[in-house]
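Participant: Just passing along the structure, written as C-alpha cells.
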Amino acid sequence: MPIRLSSLFLRTLREDPAEAEVESHKLLLRAGYIRRAAPGVYTWLPLGLAVKAKVERIVREEMNRAGAQEVFFPALLPREPYEQTGRWTEYGDNLFRLQDRKKADYLLAPTHEEMFTLLVKDLYSSYKDLPVCLYQIQNKYRDEARPRAGLLRGREFVMKDAYSFDLTDEGLEKSYQAQRDAYERIFTRLGVDYVIVKADAGAMGGSASEEFLSPSPIGEDTFVRSPGGYAANVEAVKTVVPKAMNSDGLPAATVHDTPNTNTIDSLVDFANANHGRGHVWNAAHTLKNVVLALTSPEGKRSLVVVGIPGDREVDAKRAEAAFGPNDVEPATDADFERHPELVKGYIGPVKNGNPLLGLEGEAKVRYLLDPRVVDGTSWISGANVEGKHVFDLVKGRDFNADGIADIAEVRAGDPAPDGSGPLELARGIEIGHVFQLGRKYAQALGLQVLDENGKLQTVTMGSYGIGVTRLVAVLAEANRDDKGLIWPESVSPADVYIVATGKDDSVFEHAERLAAEFEAKGKSVILDDRKVSPGIKFSDAELIGVPHIVICGKGLENGEVDHWNRRSGERRALSLNSVVAELA
RNA sequence: CGGGAUGUGGCUCAACUUGGUAGAGCACCUGUUUUGGGUACAGGGGGUUGCAGGUUCAAAUCCUGUCAUCCCGACCA
C-alpha cells in the first residue's frame, strides 16, 4: 500500500521551529520526521521512523554478513554489574539512575559492555566456543550535560554496539578487521562521507582504536589529515621530533633583567627592543613553562610543569589524553602559594645555574618537555626571579627534564607524523568507533574460558559502535538544499513520491494506478493525493526529500507524466507506460 | 558547572520601555473560489501570558523568588 498523504500522520511546518539551530534539525522538524519530547529526547513520526528503519536495516545486513549475531538487552539494568567494573561511580552524572519500589538501584543503560561480557560468561566456557561476535541495535541513555542539535547529541539515542570475544590477540586483530571492513561497507552503502582517524584509546584502556568521522562544519570533533592520507584525531597526533642539534659554539646562558615581561608577548617585545641580534625574536624562541594540576581518580592532586615553545598553547584535550586517567586543570593560585619557588610569569628550568624544575630540581616538581625541545635547541626562558629571564638556555647543555609531554596544540601546517605532508585541521561528526578493548571488562567480570591445555584464560574483547540516530542527522545535514531534504536512495522514506495535481478525478485515478504498478515492482511509494493547491504539494515534496518525484497532472492529456529529480532539479516528461520501467 | 538569551493559542512572533484586562501571520474548522509553485474572499474555534508570591483600584507589562528551554564554553566510548 502506498503511503497516502491524505491520511499520513504528518504536518509540515512553514516556519523554522525556534528550538532548532542546525539546518538538519530544522528540516527534520519542519518536514515532519521527528518531534521533541524532552531536551535531547525525540519522538519518531512515521516518515522519520521509515528512514531510521532503513539505516538500521543496512547496519543489520552488514553485521550479519560479518558474522555477528544480534541480541537484545534490557535498557533498564541493575546496579551490580556496573559496580563490579567501577562504572556506577565512574560514569558520574551522565548516568540516568533510578530506584525501584524497594529502593534498589537501577540505571538506564548508557552502553552494554557489562551485559555482553556477562552474557558470554553465562553461557560459554571453552575456547572452542570462540571467537564469537554479538551485536545490538538499541536505545541508549546518557544524561548529557548539554544535548545538541537535535538528533546529533541526544540523551536517548539508538546505537549499534558490537562486541567480539577472542582467546588470543591475533584473534582479536582478525575480529577487529572484520568489523572495520563491515563499517566501510555500511557507510558506503549509506552514502555517508567518512574518514577513518586514529583515535586515542585512552580511558577505555584498549590498544588499537579508530574513529569514523563524517566531515562537517557542525562536527564536535577536530581531526587532522594530510595530503598523503594520514588522518587522526587531534588527541592522537604524535608530534614529529626534530633531530638533536650540536650545541658547540652556542653562546653561554645569560640572565638578563626583563622587567614587566610576565607574558610571552611582552617578553618578545622586550627582547627585540633591548637584545637585538640581527634577527627578530618571536614567540617560538621562548620556552613557556605551564603549570598543570593533575587529580588522580583517587583524588590525589599533584603539579606538573610542561615546557612548550612559546608560540603554542596547551591543548586541553591532548593534555587529558596524555595524563589520563587524571583530571587536568591549570594550577590555581593556591597551588602557586604552596610552591613559592615557582614565580608566575618567570618560571624556567634553572635558577642560578642549578636545576629548579624536575624531580631532581629545587622545586621537586615533575618537569616534562614538548617533543620539539630536543638537545641542542636554544631558548629564552624564565629565570625564576621576578623580572628576569635566561637567554641562550640550551637543552641538554643547560637543562634537562623528567620526560616528554606531547600536549601542545596541533596547528594547520604542522608536518604529519608519517611524513605525508602538512596537516590540515577539519571538523567531523563521530559516526562510528572501533577499538580493541582488550581484557579490561573480561578481567573485571571474570570472563574466562578453558584453553586446549585445560587452563583458564581471560578472554580479549573488541568494541564496535555506530550511532544510528546520529547517522540520520548526519545524512540529513549532508543531503539538503534551501528547499528541504534530499535523501540518498538508500535511506529515503520511499522510493518514489507521486504528486497528483489537477481538478479532474482522473489524475488521482492515474496516480493510484501508477502507485500500484510501482509497488508491484517492489518500489515503495508516497502518494500526495490531497485536495490542495499544487504549490503546497510541490513545496512539501521538496521538503520531504524523496529523490524521485513523479508529477501526475497536466501531461496526462498527452499520456505523459514528469519525472522530477529532486537532487538535480531536472524534470523530464516520460510516457505513462514507460515511467515505471524507467524508475524501477 | 560558568557565561548569554528567552518563556504570550499547535507554530513563528507583536504588545512590556511609558500598567487599563491580549493581537497578527501560519496551522485548524465552515462556505464560495482556485488547481503545474504555499490562490482569493467571508465566517469561526482555540490563550488562567511558564509557575509562585508581592506592589497597585487595575499586572503579559513593575518587583522578588522559582522552574524550564535554547545558545556559547566546560564536560562527553
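The values are calculated or read from the model by the stated rules, or taken from the named source; none is laboratory data. Computed from a predicted structure; not experimentally measured. A quick note on method: Cβ atoms are made from the backbone with ideal geometry, for glycine too, and the neighbour counts reach across all protein chains shown. Surface accessibility is based on the protein's heavy atoms, side chains included, excluding ligands, DNA and RNA. Shrake-Rupley method; radii C 1.70, N 1.55, O 1.52, S 1.80 Å.
Participant: Any residue in segment A:372-395 that's in a loop (DSSP other than H, G, I, E, B): show its pairings with residues that are open to solvent by 20 Å² or more (accessible area, probe 1.4 Å) and β-branched (Val, Ile, Thr) at Cβ separation under 6 Å, as long as the two are six or more apart or on different chains.
Facilitator: A:ALA383/A:VAL255; A:ASN384/A:VAL343; A:GLU386/A:VAL343
Participant: Which of the residues that make up segment A:298-329 are of a type in the set (Lys, Arg) and part of a strand (DSSP E or B)?
Facilitator: A:ARG301
Participant: Within segment A:91-129, can you find the residues that are free of Cβ contacts under 8 Å to residues at least 24 places away in the same chain and open to solvent by less than 60 Å² (accessible area, probe 1.4 Å)?
Facilitator: Of everything in segment A:91-129, those that are free of Cβ contacts under 8 Å to residues at least 24 places away in the same chain and open to solvent by less than 60 Å² (accessible area, probe 1.4 Å) turn out to be A:TYR91, A:GLY92, A:ASP100.
Participant: Exactly one condition in (1) of a type outside the set (Gly, Ala, Ser); (2) within 13 Å of RNA strand B (Cβ to nearest atom); (3) over 30 Å from A:LYS531 (Cα atoms); (4) within 22 Å of the chain's Cα centre (by Cα) is false for A:ARG60; which is it?
Facilitator: (2)
Participant: Quick one: A:GLY150 ticks every box in (1) over 17 Å from the mean Cα position of the chain (by Cα); (2) at positive phi except a single one, so which number is it?
Facilitator: (1)
Participant: Would you tally the residues in segment A:267-297 being within 21 Å of A:ILE380 (Cβ to Cβ) and in a strand (DSSP E or B)?
Facilitator: Residues that pass the stated criteria total 6.
Participant: From the list A:VAL158, A:VAL132, exactly one residue is surrounded by fewer than 22 Cβ atoms within 10 Å (Cβ to Cβ) and either within 14 Å of RNA strand B (Cβ to nearest atom) or not charged (D, E, K, R) (or both). Which is it?
Facilitator: A:VAL132
Participant: If you go through segment A:179-191 one residue at a time, how many are more than 19 Å from the chain's Cα centre (by Cα) and crowded, with 20+ Cβ neighbours inside 10 Å?
Facilitator: 0
Participant: Still on this structure: Please return the ranges of strands (runs of 3 or more DSSP E) entirely within segment A:424-539 where 3 or more residues are farther than 23 Å from A:ARG571 by Cβ, of a type outside the set (A, V, I, L, M, F, W, C) and open to solvent by 20 Å² or more (accessible area, probe 1.4 Å).
Facilitator: A:424-438
Participant: Here is a further query. So, A:LYS300, is that one open to solvent by 70 Å² or more (accessible area, probe 1.4 Å), farther than 20 Å from A:ILE380 by Cβ, away from RNA strand B (no atom under 16 Å from the Cβ) and among the charged types (D, E, K, R) or not?
Facilitator: yes
Participant: More than 10 Å from RNA strand B (Cβ to nearest atom) and not hydroxyl-bearing (Ser, Thr, Tyr): which single residue out of A:LEU29, A:LEU47 fits that description?
Facilitator: Within the list A:LEU29, A:LEU47, the selection yields A:LEU47.
Participant: Also, quick follow-up: Quick one: which residue in A:VAL373, A:VAL394, A:VAL385 is under 21 Å from A:VAL268 (Cα atoms), open to solvent by 20 Å² or more (accessible area, probe 1.4 Å) and not acidic (Asp, Glu)?
Facilitator: One residue alone meets the criteria, A:VAL385.
Participant: Wholly within segment A:86-153, which strands (runs of 3 or more DSSP E) include no fewer than the required count, namely at least 2 residues that are of a type in the set (S, T, N, Q) and at pLDDT 90 or above?
Facilitator: Qualifying strands (runs of 3 or more DSSP E): A:132-141.
Participant: Taking the condition of being within 30 Å of A:GLU512 (Cα to Cα) and assigned to a loop (DSSP other than H, G, I, E, B), how many residues in segment A:1-43 meet it?
Facilitator: Residues in segment A:1-43 being within 30 Å of A:GLU512 (Cα to Cα) and assigned to a loop (DSSP other than H, G, I, E, B): 15 in total.
Participant: Before we move on, is A:LYS344 in a loop (DSSP other than H, G, I, E, B), of a type in the set (D, E, K, R) and within 29 Å of A:GLY299 (Cα to Cα)?
Facilitator: Here the answer is yes, as A:LYS344 does meet what is asked.
Participant: Quick one: A:ASN577 ticks every box in (1) out of contact with any strand residue (DSSP E or B) (no Cβ under 9 Å at 6 or more places or on another chain); (2) crowded, with 20+ Cβ neighbours inside 10 Å except a single one, so which number is it?
Facilitator: (2)
Participant: From the list A:LYS174, A:LYS160, which one is assigned by TED's automatic domain parsing to the domain that holds A:TYR106 and assigned to a helix (DSSP H, G or I)?
Facilitator: A:LYS174
Participant: Additional query: In segment A:44-79, what residues are part of a loop (DSSP other than H, G, I, E, B), among the small types (Gly, Ala, Ser) and surrounded by fewer than 18 Cβ atoms within 10 Å (Cβ to Cβ)?
Facilitator: Within segment A:44-79, A:GLY67, A:ALA75 qualify.
Residue by residue, here is whether (1) surrounded by fewer than 16 Cβ atoms within 10 Å (Cβ to Cβ); (2) over 24 Å from A:VAL350 (Cβ atoms); (3) out of contact with any strand residue (DSSP E or B) (no Cβ under 9 Å at 6 or more places or on another chain) holds:
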{"position": "A:GLY228", "(1), (2), (3)": "yes, yes, yes"}
{"position": "A:LYS238", "(1), (2), (3)": "yes, yes, no"}
{"position": "A:ASN246", "(1), (2), (3)": "yes, no, yes"}
{"position": "A:ASP257", "(1), (2), (3)": "yes, no, no"}
{"position": "A:ASN260", "(1), (2), (3)": "yes, no, yes"}
{"position": "A:THR263", "(1), (2), (3)": "yes, no, yes"}
{"position": "A:ASP269", "(1), (2), (3)": "yes, no, yes"}
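Participant: In this structure, is A:GLY522 of a type in the set (Gly, Ala, Ser) and within 15 Å of RNA strand B (Cβ to nearest atom)?
Facilitator: The answer is no for A:GLY522.
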